[in-house]
Structure formats: structure tokens, C-alpha cells
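The values are calculated or read from the model by the stated rules, or taken from the named source; none is laboratory data. Only a predicted model underlies this, so the values are computations on that prediction, with no experimental measurement involved. Here Cβ is always computed from backbone atoms with ideal geometry, including for glycine, and neighbour counts include all displayed protein chains. Heads up: the accessible areas ignore ligands, DNA and RNA and are worked out on the full protein's heavy atoms, side chains in. Shrake-Rupley method; radii C 1.70, N 1.55, O 1.52, S 1.80 Å.
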Amino acid sequence: MNPVRLTRRGFARNAAAALGSLSLSETVLPAQDSPSGARPTATCGVASGDVTSDRAVLWARSDRPARLIVEVSMDESFRSGVRTVEGPETSPHRDFTAKVEVRGLAAGRPWFYRVRFQDLDDPRRESEPLTGRFRTAPPDAADVRFLWSADTAGQGYGIDPARGGMTTYAAMLARDPDFLVHCGDHIYADNPIPPSLRLDDGTEWRNVVTPEKSKVAETLDEFRGNYRYNFLDEHFRAFHAAAPVVAVWDDHETLNNWYPGKQLNGDGRYAEKSASLLASRARTAFFEYLPISESLAAPGRMYRALRSGPLLELFCIDLRSYRGPNSGRGPDGQPDGRLFGRRQLEWLKGRLQASPAVWKVICSDMPVGLVVRDGPDGIEAMADGQAPLAGREEELAELLRFLKERQVRNVIWLAGDVHYAASLHYEPSRAVFRNFDPFWEFVSGPIHAGTFGPNPLDPTFGPEVRFQSIPAGLKPNRPPSEGQQFFGEVTLQGGSGVLTVSHFNAAGERLWSIDLSPQRS
């Protein structure tokens, strides 16, 4: 067995035990003035993200103004080779969150980090340290294993301690991944968490509740409170201490099916009617609470690319910020097919063509060929359910045509959003639009939310369902307690370059798997 992976499993157990000692008051309450002489407290555990071969973003939150101090070492005991990095000061302007991008790390190695907060008035007063772990991307063609999924704390299903909390995070951690691609809906800002929900089997789902999660999020602090809520869960904290995250956002970080310019005049829950203003606050909280690198993209931009050794490159796209109305028509009544937006689409085409990686993975919040509607007349995703190439499908067709013409091989799609798991194969001979090479799309979720689907197929790009995790006719909005929660796993064999995609359920049981051999140019 690989001793590095054994060490990682041991670290995960230790991290879970240590982080489990955080109290609800430490985790939930906003930062505030503390008694004189008291030490700072790290309130939400630790997290890492956007890890490459030589850098990682490390994150934590304090209970007051303090300075983030991070130590990194390849020695789990921190007895040797310790490097200390002084991070930024926390402040109310960022809800006392802080992150630091540590650079100059050795590739392909396990790294341990220790976080503490230093009091600004008296540097001798420091918080108790919290530890985390990540592994830098390999410098050569080594094995890589990562997960993807989506959808956390949706449809009112929050943390029910009697049911074990967010147990799918524990199942994901047991797979010992190098990282997780979270394909969006990290929070459900538009789904309040009620004290309880009556389930179909007659039992009651009893939630941990907080003020910020008791209504739809409108203020910046209410959006922040949605992220703080997730850190109440012991499995959520343990996972983020032991595995980095690569974050993509979708709609529920703001509100369901939003697009720039949308007005909420018919929704009495909202005093603020501008979706764009709400999205601005949501974006601020997203960057504050997730360990996203702010050096890999322009300021405030979410689409970015991350290399993970010579075999793998991730392309994280943003299908929310640049879209047109979900009706498919602009305010003037003319067709509006924007989804990627021109600048992002050109960036994606250029980066895919330039990538030297064997496998190129597009990490998307929205699926390609599954129809996702917004009301009776609106379309939320790419597919409109009809055969002619039209609307948002035009941008996708442009991308697929470009990849074929430039002979960009071994591109797969990972997505979330639809709250079930599926594997879809796209083939020109089955399609209406045929100027593209065959490709695969894999969809997964939810991690901890209601289960829905399956969704109908759109014929434009010739999809065929090879696997789906739920039967047709399943009653919608199944609770997490029924076990219909899903995540996917991608493994890359360093020697052969074979990519294996698998689907798992909340119990960690493998449901389906396929091996894909790379095409050589």
C-alpha cells in the first residue's frame, strides 16, 4: 500500500476528532468583541483549495481582528522543515475570514499546515492551532484521484444531529481524494433552514438553526451566515481539513435560476428585488468563505484553469455571471443566447487548445444535454429540449466545432445542478448538430439536499444515457435520509493515462464505473 495515502487517512481521523470539539457557539456566532486578555479563536476549522504543483490557498476564520499565521511542513509532527507564512489581518470588512496563497512548495508531496490567529493588541495571545492537509500536484505522470459533486444544504435539509449530519462528506473523505471539485450550490441562500420538516415516512427532520439561515439571504451578512452554517457540521469540517476544494458556483449561492438583470417583483420573500445586487453580495461572500486563488484569474473572476501534473488540467467555468435572460430573449424581445459570454468562451477555447495535459476536464455547474427549465417557458441550462440548434446551444456548438477542427482530444465534462447522478455519451451520428467529436459528460449530486430527476434529454448533440442513479418516476425532493445522495470519482493511472470515472452513493458504494483510454494525436 501507498504509505502517503495511509498517512492521509490517519490525518483525516485525527482532524475529525480535533475539529469535532468546536462548539456551536464558536462556529455560528459572528465575530465580536472578546473579554480583555482572552485569546483569539479559529471559529470554522480550516480549508485549502486551488492546489497546483507548487502552491495552495489556505483559509480560516477568527472571532475578532487578528493576524493569520500559517506553518507548512512535510512533517506531520511539525518538528522539521517548518515554514512560517504571515497572512493578512482579519477585519469586519471580510467577516474575519482570511486566506493566504502559499507558493514555492515541492510538487507531488503531502503537506501539512497549522493555522493560528495572533491577537493584534498583544501578539503573545494566539488561538489554539488547527491543522489541515493537502497534496501538491505531481511533477510527472503519477496517479491522481479526485471527486466531484454539488448541492449542499438545499431544500431545507440542514444539519440533523440525530441523523448524523452531512454524512455524505464522511463517505467522500473515506475515498481519500486528492481534492474535490464542487460544481456549485455550495449553499442555498434562497432556501431557509426551518426547525423541522415532516417526511413522507412520518418521521421528523430536525435541523440545527441559526438566525441567518432562517430567512432568504439578502444582506451580505446573511449570505455569509449560509457559509458559516455549513461549518457547524463535523463531517463538513473534517473533509475540508483533509482535502482541498476546487470551487465552481451556480445559482443558489445567490437565488434559484437567477441571471443578471432579473427582477424579483413577484417574490414576496425579498425586500431587495434586484438579483444583480444580491449576486454582488453573494459573490463577495463566495470569495470570502472559499479558498479560491485570486492570482489564477482576474480580480473577482471565477473561471480559471488549474494544472494537476502532466496528465490533467481542470477548466472551471462560470455559466451564471454572463448569461442572458432564461427566457432566451433580451429586454428588447430579440433572441439572446448568451451563457458563457464571448470573453469566457474565447478564453476557454484558447486554454483548451494550448493545454499540454493529456486529459482536459471542463468543470461546469450546468449539464450539456439534460433539459433544465425555468418555469413553463424559460430554459435554465444549455439544452432547450428541441432538435434545432438554437439559443444557448449556439455557443456550445461553437466550442465543440472548434475542438474538432483544432484536434483537441480527451475533453470530458463534469457537472452538477440536477440532484442526481448520470453518465452521458454524446455521438455525432445520433445528433442534429454533427460537427464535433464524441465526448462524455458525467453529472453528480446532491451531497446534502433533496434528490430530483431524472431530466429529459435534448437531441441536439446526440446524448445517450449510459447510467443514471435514480429510476424514472421517483417522487421529487427525496430527503438525504433516504440515501439518494451521490458523488463521483475520477482516477488517473500515471503509467497508462487511463481515466476511470465512477459514481458512488451516500453509503460509499460504487454504483457504476467506466475506463476511458486517452486518444493520442
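Scanning the range 454-478 for residues being among the hydrophobic types (A, V, I, L, M, F, W, C), in a loop (DSSP other than H, G, I, E, B) and open to solvent by less than 40 Å² (accessible area, probe 1.4 Å) gives a total of 2. Contact annotation: residue pairs with Cβ atoms under 9 Å, 6 or more positions apart or on different chains, pairing a residue in the range 483-505 that is open to solvent by 20 Å² or more (accessible area, probe 1.4 Å) with a partner that is at pLDDT 95 or above and basic (Lys, Arg), are Gln484/Arg478; Thr491/Arg145. Of the residues making up the range 124-132, one or more are in contact (Cβ under 8 Å) with a residue 24 or more places away in the chain and crowded, with 24+ Cβ neighbours inside 10 Å. Tallying residues that are assigned to a loop (DSSP other than H, G, I, E, B) and surrounded by fewer than 16 Cβ atoms within 10 Å (Cβ to Cβ) within the range 177-214 yields 8. Of all residues in the range 383-399, those that are in contact with a Phe, Trp or Tyr (Cβ under 8 Å, 6 or more places away or on another chain), open to solvent by 10 Å² or more (accessible area, probe 1.4 Å) and among the hydrophobic types (A, V, I, L, M, F, W, C) total 1.
Listed here are the strands (runs of 3 or more DSSP E) enclosed by the range 334-426 that have at least 2 residues being touching a Cys at 6+ places or on another chain (Cβ under 8 Å): 411-415. Taking the range 259-278 as the range and being in contact (Cβ under 8 Å) with a residue 40 or more places away in the chain and surrounded by fewer than 23 Cβ atoms within 10 Å (Cβ to Cβ) as the test, the residues that pass are Pro260, Gly261, Lys262, Arg269, Tyr270, Ala271, Glu272.
For every residue, the table says whether it meets (1) closer than 15 Å to Glu288 by Cα; (2) part of a loop (DSSP other than H, G, I, E, B); (3) open to solvent by 10 Å² or more (accessible area, probe 1.4 Å).
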{"position": "Ala38", "(1), (2), (3)": "no, yes, yes"}
{"position": "Gly45", "(1), (2), (3)": "yes, no, no"}
{"position": "Trp59", "(1), (2), (3)": "yes, no, no"}
{"position": "Arg67", "(1), (2), (3)": "no, no, yes"}
{"position": "Val70", "(1), (2), (3)": "no, no, no"}
{"position": "Arg79", "(1), (2), (3)": "no, yes, yes"}
{"position": "Thr84", "(1), (2), (3)": "no, no, yes"}
{"position": "Gly87", "(1), (2), (3)": "yes, no, no"}
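Among the residues making up the range 279-297, those that are more than 25 Å from Lys262 (Cα to Cα) and either polar (S, T, N, Q) or open to solvent by 10 Å² or more (accessible area, probe 1.4 Å) (or both) are Leu290, Ser293, Glu294, Ser295, Leu296, Ala297.
Within the range 81-99, residues that are farther than 18 Å from Trp111 by Cβ have Cβ atoms under 6 Å from residues that are of a type in the set (Lys, Arg) in these pairs: Glu89/Arg67; Asp95/Arg224; Phe96/Arg61; Thr97/Arg61, counting only partners at least 6 apart in sequence or on another chain.
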